[in-house]
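Accompanying notes for the structure given below.
Just so it is clear, none of the values below were taken in a lab; they were calculated from the coordinates. Only a predicted model underlies this, so the values are computations on that prediction, with no experimental measurement involved. We place every Cβ from the backbone using ideal geometry, glycine too, and count neighbours over all the protein chains shown.
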Amino acid sequence: MDKEMKELEQKIGKVPKIFVDLKKTAPEIYEKVMGLDQLVWADGALSKQTKKILAIAIAASLRDDHAVRAQMAGAMSIGVKKEEIEEGLRVAFLLAGMPAYVYGKAALEELMEQ
């Protein structure tokens, strides 16, 4: 497993199959995507933790089950607290409606039960 894949696994708990396939079928695109991933998640004006909360709220708003769960797992691995995720979900509720909040909250509760 290359360095980028290891970092991705650390961030979200596993390497999604799409990245494994992309590396085999389109290595140039894979390299660009992984470079962008590293750039976006690096600490900058916003911390990695804040970016994870944003990603969870966006994924919940889109009702993307895979992304919600992956981002929550990654958030927990870097010290984001349940209360911080809940607060981010309330922002999603305000802007994207009750379904986004309920969707994210249900995924959070399932994750916390594991």
The size of the Cβ-based charge dipole (Lys, Arg +1; Asp, Glu -1) of the chain about the Cα centre, to the nearest 20 debye, is 60
Once the dipole of the stretch 59-114 is set up from charges on Cβ (+1 Lys and Arg, -1 Asp and Glu), the residue from the list Leu111, Gly79, Ala100 lying farthest towards its positive end is Ala100
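With the contact rule set at Cα under 8 Å and sequence spacing of 6 or more, what percent relative contact order holds for the stretch 26-114? List each step's numbers first, then the result.
Details: 75 pairs, mean separation 26.8, N = 89.
Computed over the stretch 26-114, the figure is 30 percent.
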Computed about the Cα centre, the charge dipole of the stretch 30-97 from +1 Lys/Arg and -1 Asp/Glu charges at the Cβ has a magnitude in debye, to the nearest 20, of 40
Rounded to the nearest 10 degrees, the helix 48-62 long axis (Cα) sits at an angle to the longest Cα principal axis of the chain of 70
The distance between the Cα centres of the stretch 1-41 and the stretch 77-112, in whole Å, is 25
In degrees rounded to 10, the 0-90 angle between helix 27-41 Cα long axis and the longest Cα principal axis of the chain is 40
Taking the chain and counting helices only, DSSP H stretches of n ≥ 4 at -39,500 (n - 2.57) each over all residues, the nearest-500 ellipticity at 222 nm comes to -26000 deg cm²/dmol
